[in-house]
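See below for the structure under consideration.
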Amino acid sequence: MAGGRRWIENWDPEDEDFWEREGKRVARRNLVLSVLCEHIGFSVWTLWSVLVLFMGPEYGLTPADKFLLTSLVTLVGAVVRVPYTFAVALLGGRNWTVLSAGLLLVPTVAAFVVMEPGTSFSTFLWVGLLAGIGGGNFASSMTNINAFFPLRKKGWALGLNAGGGNIGVPVIQLAALGVIGAGGGPRLLLGIYIPLIVVATVLAALFMDNIASVRNDTGAAKEAAKDAHTWIMSFLYIGTFGSFIGYSFAFGQVLTSQFGRTPLQAACLTFIGPLLGSLSRPVGGRLADRYGGARITLWNFVAMAAATALLVVAGRRDSLPLFVAVFVVLFTLSGLGNGSTYRMIPGIFQAQALARGLRGAQAAAHGRRLSGASMGLIGAVGTLGGVGINLAFRQSFLSHGSGTGAFVAFLAFYGVAVAVTWAVYLRRPAEGVPGRDMAHDVTHGVTLETSRRTKAVTHS
């Protein structure tokens, strides 16, 4: 099983003897390389959030143009997550990681070619769209890594995988800060990433593995798409990851457009929020492992709503210190919520398996199969929140000259997310009300409500 080129035919991480004997070592190796490739994918995806900081008046772009550019890049990242999820089943996790990592050269080299004053806005749009493929790496990476780890370890493992990938956002922003501070141009930044992509692709080819049981199971995605919980969790993920990626693209532009910061001043601040949001993601997964994903998600949305209300106050008072401090807190909360919502997914499908009468290895296999498939769909829909955030900022700046109107809309969304989380996954049915079934999550025994139709539950 040590050879990275081999297909693993027998994989049962729920078997503790197998896990301790060899499974843990293999899973960790694949996790490390998955994080590396996904990390660079996130950097390429959010490349234009920092390139627009280099684009001064000589480029002839308005703030609305830049928000439109980053919105479309985010949109492509959302759309490609669906086929990227299927690709793992069609080609194998290791094989697709190698191919998708190598594809990152296309948008990076293209941006290197066109990044200069005089290039038309339409050209920037088309090249920016190419960068969107970096957003797809997350979906395939999470689907792949989900199959390697046992249910009891998924919150932490998925949190590390996603958090390590998310850190690609602040890393490229820090790299941009260094380049701007040194007086370099955008092509220097792009030149740094081209060899890194090559190295990551080669390492994935040499040392990652495919799991045979995941291959050709495209029916799992169809089943997941028919499940109501896939779409409920997609809505919640709009509020967590949609916020993280949307704010990552928009933060620097808000600082330059609303508060008059220079590109260098903005770059000194923009990386802080995404960095803390990335680091907090595995913490959210770990807290969900211990206390229950629905509980952590609920209170996280409450805190996000409170932080957003403070951002409205900061915007109206034109208080940059308060605005930056609260925005950083909001980033951190989005990371926590990312971890807790993704930890909910395996528990939901594991509980469904139990409700159908499956036990032991059959229940675990059913949970891994459908949760892995649903993660790509949930990740794709959730990313659309980032598109909405950038479009909301664009409209807010066009209408009011600031982002305050957009924050009011975000506040309302978080309020709805609180209500949905409570109503679907935490509310106890009134005593004596018929037509309600109760189930228990196998991991922690937390009672969760389900409807008569679904019988299935949240995770804890």
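The values are calculated or read from the model by the stated rules, or taken from the named source; none is laboratory data. Treat the numbers as computed from the prediction; the structure is a model and nothing was measured. All Cβ positions, even for glycine, are placed from backbone atoms using ideal geometry, and neighbour counts span all protein chains on display. The accessibility values were calculated without ligands, DNA or RNA, using every heavy atom of the protein model including side chains. Shrake-Rupley method; radii C 1.70, N 1.55, O 1.52, S 1.80 Å.
Angle check, please: helix 360-400 long axis (alpha carbons) against the longest principal axis of the chain (alpha carbons), in degrees 0 to 90, nearest 10.
20
Listed highest first by mean packing, meaning other Cβ atoms within 10 Å per residue, what order do 233-245, 8-20 come in?
233-245, 8-20
With every protein chain present, what is the per residue accessible area of the chain (1.4 Å probe, Å²)?
Details: 16740 Å² over 460 residues.
Heavy-atom accessible area per residue stands at 36 Å².
Calculate one ³J(HN,Hα) per residue across the stretch 118-126 by plugging θ = phi - 60° into the Karplus curve 6.51 cos²θ - 1.76 cosθ + 1.60, and present them in order as whole Hz with x for glycine and proline.
Per residue, the Karplus-derived 3J(HN,Hα) values read x, 5, 6, 4, 5, 5, 4, 5, 5 Hz.
Taking 0.36 nm per residue of sequence separation and subtracting the Cα-Cα distance, how much length would be gained by fully extending the chain between residue 187 and residue 225, in nm to one decimal?
9.5 nm
What is the percent carbon and sulfur in the accessible area of the chain, measuring with a 1.4 Å probe over the protein chains and ignoring ligands?
64
Would you mind working out the magnitude of the charge dipole of the stretch 7-80 relative to its Cα centre, with +1 at each Lys and Arg C-beta and -1 at each Asp and Glu C-beta, to the nearest 20 Debye?
For the stretch 7-80, the charge dipole is close to 460 debye.
Enter the angle in degrees (range 0 to 90, nearest 10) between the Cα long axis of helix 81-91 and the first principal axis of the Cα atoms of the chain, meaning the one along which they spread out most.
Taking the Cα atoms of the chain, the angle to 81-91 is about 50 degrees.
What number comes out for the charge environment of residue 240, summing +1 per Lys or Arg and -1 per Asp or Glu over other residues with Cβ under 12 Å away?
Neighbourhood net charge equals +2.
List every residue whose amide H lies under 5 Å from the amide H of residue 261, counting only residues 5 or more places away in sequence or on a different chain, with H placed 1.01 Å from N in the peptide plane.
256
Give me the orientation-averaged projected area of the Cα convex hull of the stretch 188-336, in nm², one decimal.
Working: hull surface 50.4 nm².
Over all viewing directions, the stretch 188-336 projects a mean Cα-hull area of 12.6 nm².
Counting Lys and Arg as +1 and Asp and Glu as -1, each charge on the Cβ, what is the dipole of the chain about the Cα centre in debye, to the nearest 20?
Taking the Cα centre of the chain as origin, the dipole is about 580 debye.
I'd like the Karplus ³J(HN,Hα) series for the stretch 187-204: coefficients 6.51, -1.76, 1.60, θ = phi - 60°, whole numbers in Hz, and an x wherever there's a Gly or Pro.
My calculation for the stretch 187-204 gives 5, 5, 4, 5, x, 5, 7, 4, x, 5, 4, 4, 4, 4, 4, 5, 5, 4 Hz in order.
Specify which residue in the list 293, 341, 355 is farthest towards the positive end of the charge dipole of the stretch 290-362, using unit charges on the beta carbon of Lys, Arg (+1) and Asp, Glu (-1), about the Cα centre.
So the residue furthest toward the plus end is 355.
In nm, to one decimal, how far is the modelled label at residue 290 from the one at residue 120, with both set 7 Å along Cα→Cβ?
5.7
Heavy atoms only, probe 1.4 angstrom, no DNA, RNA or ligands counted: give me 66, 154 ranked by accessible area, highest first.
Of 66, 154, the descending order of accessible area is 66, 154.
For residue 366, what accessible area in Å² do you get when you roll a 1.4 Å probe over the heavy atoms of the protein chains, rounding to the nearest 10?
Around 20 Å² of this residue is reachable by solvent.
Considering only Cα-Cα distances, which of the following residue pairs are longer than 30 Å: 153/226; 24/226; 66/153; 154/226?
Table pairs above 30 Å Cα-Cα are 24/226; 66/153.
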